[in-house]
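Report on one structure; see the data block that follows.
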Amino acid sequence: MENREKKEPLLKVENLTVSFSRYDRGWNKFDLEVIHSLDTEVFAGEILAVVGSSGSGKSLLAHSILGILPGNARVSGCMEYRGSELTPQRQKALRGEKIVFIPQSVDFLDPLMKVGKQVKGVRGTVEKMKRVFHRYRLNGEVEEMYPFQLSGGMARRALIAAALMESPDLIIADEPTPGLDPEMAVETMKTFRELADQGCGVLLITHDIDLALQAADRIAVFYAGTTVEVCPASDFEKGKGALRHPYSKAFLDALPQNEFKPIAGTQPYAGKLPSGCLFADRCPKRTESCGAQIEMRTLRGGKVRCVHAT
């Protein structure tokens, strides 16, 4: 952790903003901004787990990095891979080889292609595919099946297997464990940990923070389309006193083992955001200073977007 600031990140995302062109009921065109000044970075040899409520921008971050947003999306800010700008041309060249994606939806599997051919890909070998199939409890019959013939859990394992056929520098895993039994979910985390220990960077998007803590090095907390805190994973294990942002503490309180303690209010709608801190309307520490633009700052071995954090 201490030497990370001296290292060049494998992936660096700075001031990322994503909006979508839409039409209102009067057919007037407008841009709806859904990600706002989002910052994050992933280093080689680490797992960065991204957590936050639904609609906080986690999957949109993944799609932005990969360059697979729909045509009505507008992206600004800086994205770098190994110190150079991640242009659309580089995204296309790296995607599926040096940067691999484990998507949230099993609909990413081609419904017209047999599973074995999809997992093997262009550069894979039959021998490696069989090893990966064995690890993820996919028998030989699955090779000849089409995606519609798989259960949800089998389809999820096939997506993970396809990613492991490559030798990537960066894995982006968007909710890779829903539908897996607990044993297979833990096995997936072990696989990510092994790959990170071999020098790969892993961006793990998840709702299951307890599972992520078994493997992650750092946690990034998203709220309403921006990053509010980045900290060592161990801080979440230590409890609220080790965390920095009020939302991170509330997020920890809302976990099952903490009796699902709720906080008043809801995450703001992307089309009607408050000025300044996006969490201010729900925060017990709110003051007038929260209405100003707030930048990420370094604090106690982590980073936080809050004027009151100590």
- Considering region 289-310 alone, what residues qualify as being among the basic types (K, R) and either at pLDDT below 90 or assigned to a strand (DSSP E or B) (or both)? R297, K303
- Hey, can you tell me all the residues within region 108-135 that are hydrophobic (A, V, I, L, M, F, W, C) and part of a loop (DSSP other than H, G, I, E, B)? L109, L112, M113, V122
- Checking L138 against (1) assigned to a helix (DSSP H, G or I); (2) at pLDDT 90 or above; (3) surrounded by 13 or more Cβ atoms within 10 Å (Cβ to Cβ), which single condition isn't satisfied? (1)
- Looking at region 228-283, which of its residues are outside any helix (DSSP H, G or I), farther than 28 Å from D31 by Cβ, at pLDDT below 90 and not small (G, A, S)? L255, E259, F260, K261, P262, I263
- When you scan region 18-58, how many residues do you find that are in a strand (DSSP E or B) and either of a type outside the set (V, I, T) or touching a His at 6+ places or on another chain (Cβ under 6 Å) (or both)? 17
- Item | Cβ pairs under 6 Å, 6+ apart, first in region 229-247 and within 17 Å of R305 (Cα to Cα), second of a type in the set (S, T, N, Q) | E229/S248
- Only one of (1) exposed (fewer than 12 other Cβ atoms within 10 Å of the Cβ); (2) under 29 Å from L60 (Cα atoms); (3) without any contact (Cβ under 8 Å) to a residue 40 or more places away in the chain; (4) not aliphatic (A, V, I, L, M) is not met by K114, so which one is it? (1)
- Scanning region 283-300 residue by residue, the ones that are crowded, with 16+ Cβ neighbours inside 10 Å and touching a helix residue (DSSP H, G or I) at 6+ places or on another chain (Cβ under 8 Å) total 3
- If you scan region 182-236, which residues turn out to be at positive phi and surrounded by fewer than 19 Cβ atoms within 10 Å (Cβ to Cβ)? G199
- Note on the structure: When region 59-107 is checked residue by residue, the ones that are in a strand (DSSP E or B), surrounded by fewer than 14 Cβ atoms within 10 Å (Cβ to Cβ) and under 18 Å from the mean Cα position of the chain (by Cα) are C78
- Query: Is it the case that some residue within region 198-209 is within 23 Å of A242 (Cβ to Cβ) and without any contact (Cβ under 8 Å) to a residue 60 or more places away in the chain?
  - Reply: yes
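The values are calculated or read from the model by the stated rules, or taken from the named source; none is laboratory data. Being a predicted model, the structure only gives us computed values, none of them experimental. Cβ coordinates were reconstructed from backbone atoms using ideal geometry, including for glycine residues, and neighbour counts include every protein chain displayed.
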